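The values are calculated or read from the model by the stated rules, or taken from the named source; none is laboratory data. Every value quoted in this text rests on a predicted model; they were computed, and no experiment measured them. Here the Cβ positions follow ideal geometry from the backbone for every residue, glycine too, while neighbour counts run over all protein chains shown. When the accessible area is computed, the model is the full protein with side chains, heavy atoms only, and any ligands, DNA or RNA have been set aside. Shrake-Rupley method; radii C 1.70, N 1.55, O 1.52, S 1.80 Å.
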Amino acid sequence: QVQLVESGGGLVQTGGSLRLSCVASGSIVSIGDMNWYRQVPGKQRDLVATSTSDGSTNYADSVKGRFTISRDNAKNTMYLEMNALKPEDTAVYYCRAILRERGINVFRMYWGQGTQVTVSS
């Protein structure tokens, strides 16, 4: 059974930094694109950053220059380095992965349970 587990969230002051991690575990054969999303209560879940299987990265305009997405394929782990945090970055951050599980011949989408990031002003 595949699981994605995020960690690293917390409370930080404006201008501070946090590093989120997302570990994929289970019988994983291959991982494609991985993403970080965030969601504020009452609003839609928004895409923050993408790391593709070929090494490309993309960011939402609101986080460009402040956030860095990376991944360690050997550890099935993705990271989000967040610097110069602002109160508007406060949200629950979710990781998503498109991956193929052993015994299943198609790629499927999996989500983590989320980790809270709160930036105080």
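Roll a 1.4 Å probe over the protein chains and send me the accessible area per residue for the chain in Å².
53 Å²
Starting from the Cα-Cα distance between residue 3 and residue 29, subtract it from 0.36 nm times their residue separation and give me the gain in nm to one decimal.
In short, 8.0 nm is gained.
Compute, for the stretch 1-107, the length of the dipole vector about the Cα centre, with Cβ point charges of +1 (Lys, Arg) and -1 (Asp, Glu) only. Units Debye, rounded to 20.
Approximately 100 debye in magnitude.
Classify the stretch 12-109 from the C-alpha gyration tensor, please: rounded if a/c falls under 1.5, else prolate or oblate depending on whether a/b exceeds b/c.
Cα axes put the stretch 12-109 in the prolate bin.
Considering only protein heavy atoms, with the full assembly of protein chains and a 1.4 angstrom probe, order 64, 43, 86 by accessible area, largest first.
Heavy-atom accessible area, descending, gives 43, 64, 86.
Please give the per residue volume of the convex hull enclosing the alpha carbon atoms of the stretch 1-68, rounded to a whole number of Å³.
Taking the convex hull of the Cα positions in the stretch 1-68, it is 122 Å³ per residue.
Can you give me the Cα centroid spacing of the stretch 29-63 and the stretch 88-121 in angstrom?
So the separation of the two Cα centres works out to 8 Å.
Run the accessible area of the chain with a 1.4 Å probe and give the carbon-and-sulfur part as a rounded percent.
Summing carbon and sulfur atoms, their accessible area is 46 percent of the total for the chain.
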